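Notes to accompany the following structure.
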Amino acid sequence: MHQRIYFGLNFAPPPSNLLLRCLASLSCFELGGLCLFHDSGRGGRVNASQCRLCDPGSFCSQTGLSAVSGPCLPGFYCLEGSHSATPTLGRAGGLCPMGHYCPLATSVPAACPPGTYLDATGGREIQECKPCQRGWYQDSSGQKECKPCPPGFLCHNPRANLTRASPRGAASPQPCPAGYTCSGDRPDGQSRPCPAGTYSPSQGLTATGECLACPAGLFCGAEGLVEPSGPCSDGFLCLLGATVPNPRDHRTGSPCPPGMFCRQGSIAGECWAGYYCDGGSMRADRALCPAGSFCPRGAAAPLPCPAGTFSVARGNTHQDNCSTCPAGHHCQGEGTVHPVPCPRGHYCPAGLVLGLEFPCPPGTVQNQPGASSPGACLPCPPGTFCLLPGLSQPSGLCEAGYVCPAGSTSPNLTNVQQQGNSSSIHLCPPGHYCLAGSGSPLPCPAGTLSSSPGQKGVEGCTPCPPGLFCDRPALAEPSGAQPCHAGYVCKGGSSSPKPTDGHRGYLCPPGHSCPAGSATERPCEAGSYSPSAGRDRCLLCLNGTACPSVATVEPSVCPPGHFCPAGTVLPLACPAGTLSGQTGAGSAAVCVACPPGAYCSFPGASAPDGPCQQGFFCHSGSVHPAPRSTESFPRNGPCPSGYYCPAGCLSPVPCPLGSIRNTTGGVSMEGCSACPSGSYCSAEGLSGPTGPCSAGFYCPFDFSSTTPYAFLCPKGHYCPVGSPLALPCPTGGYQPNAGSESCIPCRPGYYCEEAIVGDPLPCPPHSFCPAGTMVPHHCPAGTHTLLEQGGLQSERECLPCPPGSFCRAGRIQGECAAGYVCASGSADFTPQGSEWSWNHCEWGVQCAGLCPPGFYCPEGTERPQVCPPNTMRQAPGGASLQDCVACPPHHWCIPGDPELHLCPAGHYCNGLQGGPGRGGPQECPAFTYRATPGAGARSHCRPCPPGSYCNTTGASVTLPDPPDGFSH
């Protein structure tokens, strides 16, 4: 036998014991073969050499076949002699191996192409071969897995296959493209671009560090570049790794450095002399050097001219281009463009830096700018002083009270002494004054004098003393002054004995007196007067006149309501309550009493103050509008009760008939109130009612009754003495007659409604009416009356509610609820009575409640129904026979007893009801016994023991056998 090798697998031919002779009608040996020749007509036997193995890719499942049974199924391969479409033994085929696929009728498994793999057996078609994922490849066919892509290479799927064949992955690694790196550690197998600022013209890079930094002067502005993006912008310096053409990070680049200029990202050279480049320059002449400065080659900023020099030109290239500051000017600070003129009060030689370095000395002044020598400083003018050096104006005027010559350095003698100056400054002499800045003393004018030196102004010359006059200038002592003439006033500062200007003096005015040497006029005392000017004394005030104030010029006539004796200061007022209309009176005899109806409240009245206040009566001499009685005028006072007094009335007015006023002070008839209700008022001027209204009559409020018989009391009402209204008969009373002072009580068995007219009504059914009933009373709950039964007088006449029913409002409302018993007097559908007697129910007691345990009560129960024998109910409220439950085994239930009892001894209780021998305790049969209670079945009755006898039923004990001769 020859062994055959297929696709790396060993397969052996079928063993010889499977070869059988071909039958006349069969083709080959038993399984897996075909007959090559046969003669079915002769039915002869053929040689076994005429049989062959089943074709590859097919199977022969039976013996004697002349053709194959069919093709091998997809997912399997069939070698020669396969007898199954799904071979698994491996001898004639098997399951399609991993990395391969087997379509229908496969004899040799087909390998998955490069770039694919299959990691499962049983592949049926090429579409089941999986493409290698990104980052993986497979360069061989028939593989069960892919290989990882090596560093520096890129493995990705080729372009989509338009044929029906399975899509393929990478069959071989491709070098990493230029501008990218392939590390091989990414799960997705993707490449990474070289970052911005780098580039790479080479393939196969494995790490970002292999990317080249962008060269100096160039920038790489994107990722994945194979060459730099281009040169950097003018005015910028690009170092290694620049990402933008105008970098400012000072790491990869920056604006062009100061003092330089840059083109295409590199330094092109230094800035030209006479120009400066401040940073970011792209030209050598970026900015022209400004005036006041100089710029050497490569200057980053202008250099200022030194202090004491200046320059007005631009584009200077050296410090020598800066000129020395001219005389009369100063060049303060660096970078001066134009010299500044020397300030006033100072002088400036050539080359000066600070203008205040050379001030003019004290005592001198210089008010023009641009001075160049000390000779320009002039002496301080007379009357002024120059205290400090460097003044453009004098420090101020010479102090008042002093004299200052030219060149003075102090405003007063004190400062001169402190400074040790020998100037001719001196104090102003007495009799004179010296203003600020004065060159010589000025004399005090006439009318003034000055006894002290150093006066600072004319105000220092004091006025001539009051009462005196000074007629010469420069007067230094008061002894030279003379007294003012009589009839005149010299106020002070007067230069004449008879001054009339009003400022320094004047003629003595009327109402005053002025003796010789008067410094001021003396006013005439009260009670005296002076009628003209220039008098030296005052006159006494005349009788009938008054001089009420000092300095009176003309006496005033005594006014009405007053009187004035000679020398009167103030007119004397007539007393309060009196008045006088006469003027010029000289005595109190003119004052008379205030007239009736009016009042005079203040002294000095010439007419009444007004009418007397309403509510009061003023008879005469009233001081107040609401007077009080006095001994002199006893009738003055409040308006009396029963009367009212309008304002200014001459006598009180009585309240009209039918009204009263019980308080004083009435002001009008409206203050008189109507006669009180229940009373009458039969006269005028009353302070209270005449009397009460008569019995049987009523006098209403605000009617002003003038008689005790105002209104007759109507029927159904009563009116006692003093009634303001007719009173309705009270509950349970009535009155059929008019003019009554009382009501008749309603009799028992009847009811009387309010203000009823006529006879009482009989008490209706379902109610009772005791004496004096206004509204019938319902019979108590639990009682009732017959339908036509009326006239009941007491609640005890109401009948108890009949058995089985409940009653409310005197009526039978219906039957009591199931589960309840109503023996008598029930007031509820579900009564809750607890303590009552079945045999005797008292009136007013509710003999009703829950159905008791051991019983049941249907609706309307009068007496409880006992639960049947051998049933029980332990809880109250049984409503029907079904609420009585069967007695449980082992127990005996006594009718009406809610308690369980153990089955008695000698008996058994099986809990069954009905039929012979069932229900209640059953006696143990003869020849058995039960000594203890609680048997639940017949089997619990024990047989009589040997030596005893139990010849009766229901035995609870055994008896010993009788002696011989006795039978049982």
Q: Would you mind stating whether residue 81 is over 30 Å from residue 174 (Cα atoms), in contact with a Lys or Arg (Cβ under 9 Å, 6 or more places away or on another chain) and open to solvent by less than 30 Å² (accessible area, probe 1.4 Å)?
A: yes
Q: May I ask you to say which residue of 407, 335, 355 is modelled with pLDDT of 85 or more, open to solvent by less than 40 Å² (accessible area, probe 1.4 Å) and part of a loop (DSSP other than H, G, I, E, B)?
A: 335
Q | Pick from segment 537-570, criterion part of a loop (DSSP other than H, G, I, E, B) and of a type in the set (S, T, N, Q), ranking: surrounded by the fewest Cβ atoms within 10 Å (Cβ to Cβ) | A | 543
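Would you tally the residues in segment 169-213 being among the acidic types (Asp, Glu) and either free of Cβ contacts under 8 Å to residues at least 40 places away in the same chain or surrounded by 15 or more Cβ atoms within 10 Å (Cβ to Cβ) (or both)?
Final tally of qualifying residues: 2.
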Q: Go through segment 62-92 and give me each residue that's farther than 19 Å from residue 144 by Cβ, assigned to a strand (DSSP E or B) and modelled with pLDDT of 90 or more.
A: 70, 71, 78
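Out of 253, 179, which single residue is under 30 Å from residue 282 (Cα atoms) and either β-branched (Val, Ile, Thr) or at pLDDT 90 or above (or both)?
253
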Q) If you go through segment 745-771, how many residues are open to solvent by 20 Å² or more (accessible area, probe 1.4 Å) and more than 19 Å from residue 715 (Cβ to Cβ)? A) 7
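When residues of segment 113-145 are filtered for being farther than 30 Å from residue 200 by Cα and part of a loop (DSSP other than H, G, I, E, B), how many remain?
Summing the residues that are farther than 30 Å from residue 200 by Cα and part of a loop (DSSP other than H, G, I, E, B) in segment 113-145 gives 17.
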Q: Give the number of residues within segment 255-283 that are among the polar types (S, T, N, Q) and surrounded by fewer than 19 Cβ atoms within 10 Å (Cβ to Cβ).
A: 2
(Q) List the residue pairs whose Cβ atoms are under 6 Å apart, where the first residue sits in segment 872-887 and is over 24 Å from residue 902 (Cβ atoms) and open to solvent by less than 50 Å² (accessible area, probe 1.4 Å), the second is of a type outside the set (Ser, Thr, Tyr) and not in a helix (DSSP H, G or I), and the two are 6 or more positions apart or on different chains. (A) 877/819; 877/850; 877/851; 879/818; 879/819
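For segment 234-254, give me the residue count where each residue is of a type outside the set (Val, Ile, Thr) and surrounded by 20 or more Cβ atoms within 10 Å (Cβ to Cβ).
Matching residues across segment 234-254 total 7.
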Q. Which members of segment 367-379 meet the condition of being out of contact with any Ser or Thr (no Cβ under 6 Å at 6 or more places or on another chain) and open to solvent by less than 40 Å² (accessible area, probe 1.4 Å)?
A. 370, 371, 376
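Go over the candidates 283, 297, 344 one by one and state the one that is touching a residue at least 40 places away in the same chain (Cβ under 8 Å), assigned to a loop (DSSP other than H, G, I, E, B) and of a type in the set (Lys, Arg). Spell out how you get there, then give the answer.
On the way: 283 fails: touching a residue at least 40 places away in the same chain (Cβ under 8 Å); 297 fails: touching a residue at least 40 places away in the same chain (Cβ under 8 Å).
It is 344.
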Q: Report, by residue number, each residue of segment 358-399 that is part of a loop (DSSP other than H, G, I, E, B) and among the hydrophobic types (A, V, I, L, M, F, W, C).
A: 358, 360, 371, 377, 380, 386, 387, 388, 391, 398
Q. For segment 121-153, what are the residues that are buried (at least 22 other Cβ atoms within 10 Å of the Cβ) and of a type in the set (Phe, Trp, Tyr)?
A. 137
(Q) Name the residue that is nearest to the chain's Cα centre (by Cα), counting only residues in segment 487-514 that are within 21 Å of residue 550 (Cα to Cα) and open to solvent by 40 Å² or more (accessible area, probe 1.4 Å). (A) 491
Q: Could you run through segment 676-694 and say how many residues are open to solvent by 40 Å² or more (accessible area, probe 1.4 Å) and either part of a strand (DSSP E or B) or farther than 25 Å from residue 639 by Cβ (or both)?
A: 3
Q: Output the residues belonging to segment 841-871 that are open to solvent by less than 20 Å² (accessible area, probe 1.4 Å) and among the β-branched types (Val, Ile, Thr).
A: 861, 871
Q: Look through 888, 895, 868 and report the one residue that is in contact with a helix residue (DSSP H, G or I) (Cβ under 8 Å, 6 or more places away or on another chain) and part of a loop (DSSP other than H, G, I, E, B).
A: 868
Q. So residue 152 clears everything in (1) closer than 30 Å to residue 198 by Cα; (2) at pLDDT 90 or above; (3) of a type outside the set (Lys, Arg) except one condition, right? Which one?
A. (2)
Q: Could you tell me which residue of segment 56-75 is nearest to the chain's Cα centre (by Cα), considering only residues that are without any contact (Cβ under 8 Å) to a residue 40 or more places away in the chain and open to solvent by 40 Å² or more (accessible area, probe 1.4 Å)?
A: 73
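Considering only residues of segment 521-536 that are in contact with a Pro (Cβ under 7 Å, 6 or more places away or on another chain) and not in a strand (DSSP E or B), which is least open to solvent (accessible area, probe 1.4 Å)? Show your work before the answer.
Looking only at segment 521-536, we keep the residues that are in contact with a Pro (Cβ under 7 Å, 6 or more places away or on another chain), and these are 521, 526, 529-533, 536.
Adding the requirement that they be not in a strand (DSSP E or B) leaves 521, 526, 530-533, 536.
Details: 521: 44, 526: 43, 530: 0, 531: 57, 532: 44, 533: 50, 536: 94 Å².
Ranking the qualifying residues of segment 521-536, first place goes to 530.
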Q.
Among the residues of segment 465-480, what is the count of those that are open to solvent by less than 20 Å² (accessible area, probe 1.4 Å) and either in contact (Cβ under 8 Å) with a residue 40 or more places away in the chain or under 60 Å from the mean Cα position of the chain (by Cα) (or both)?
A. 2
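Are any residues in segment 641-664 under 14 Å from residue 613 (Cα atoms) and either open to solvent by 40 Å² or more (accessible area, probe 1.4 Å) or modelled with pLDDT of 85 or more (or both), and if so, which ones? Break it down into steps so the answer makes sense when it comes.
Start the filter on segment 641-664 by keeping residues that are under 14 Å from residue 613 (Cα atoms), which leaves 644-652, 664.
Scanning segment 641-664 gives 644, 645, 646, 647, 650, 651, 652, 664.
When you scan segment 92-99, do you find a residue that is open to solvent by less than 50 Å² (accessible area, probe 1.4 Å), more than 28 Å from residue 131 (Cβ to Cβ) and not acidic (Asp, Glu), even just one? It would help to see each step written out before you state the result.
Initially, segment 92-99 is screened for residues open to solvent by less than 50 Å² (accessible area, probe 1.4 Å), giving 92-94, 96-97, 99.
Okay, now just the ones that are also more than 28 Å from residue 131 (Cβ to Cβ), so 92-93.
From the residues that got through so far, the ones that are not acidic (Asp, Glu) too are 92-93.
The answer is yes, given that some residue of segment 92-99 is open to solvent by less than 50 Å² (accessible area, probe 1.4 Å), more than 28 Å from residue 131 (Cβ to Cβ) and not acidic (Asp, Glu).
The values are calculated or read from the model by the stated rules, or taken from the named source; none is laboratory data. Please read all numbers here as calculations on a predicted model, not as lab measurements. Glycine also receives a Cβ, built like all others from the backbone with ideal geometry; neighbour counts cover every protein chain displayed. Side chains are part of the model used for accessible areas, which takes the heavy atoms of the whole protein and leaves out ligands, DNA and RNA. Shrake-Rupley method; radii C 1.70, N 1.55, O 1.52, S 1.80 Å.
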